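Worksheet for the structure shown next.
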Amino acid sequence: MEWMRRAACADTDPELFFPVSSEGPGAVQREEAKRVCTGCPVRAQCLEYALESKQRSGVWGGLDEHERASLHRGRRSRLRSSGTGRH
């Protein structure tokens, strides 16, 4: 995946993007990871990759696992309401 080489996080310790908790130091770590994503030139590709490959943990494309799950549910709901979703 060529886009990964252009990511703002390419030279960042990958552990930053996988906090062990969602509270305390983990919450601080998650916010720091999201700041790295803020100006990333491939943020959209990263997020799309995470959604398509069903990444269940970590910060991808500036969203954590809970935010991606919510986004995914919203996408499914919109597809169903438009009649284009799978049944």
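Data table
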{"quantity": "Ranked ASP13, ASP64, criterion: other C-beta atoms within 10 Å, fewest first", "calculated": "ASP13, ASP64"}
{"quantity": "Sorted by Cβ density within 10 Å, fewest first, the residues LYS34, LYS54", "calculated": "LYS54, LYS34"}
{"quantity": "Placed amide H near TRP60: partners under 5 Å, 5+ positions off or other chain", "calculated": "none"}
{"quantity": "Environment charge at ARG30 (Cβ cut-off 13 Å; Lys +1, Arg +1, Asp -1, Glu -1)", "calculated": "-4"}
{"quantity": "ALA10 paired with LYS54, simple spin-label distance in nm, labels 7 Å along Cα-to-beta-carbon", "calculated": "3.1 nm"}
{"quantity": "SER81, SER57 arranged by Cβ crowding within 10 Å, fewest neighbours leading", "calculated": "SER81, SER57"}
{"quantity": "Length-normalised contact order for the chain - Cα pairs under 8 Å, 6+ apart - percent", "calculated": "25 percent"}
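Rule-based calculations on the coordinates, nothing more; no lab input. Computed from a predicted structure; not experimentally measured. All Cβ positions, even for glycine, are placed from backbone atoms using ideal geometry, and neighbour counts span all protein chains on display.
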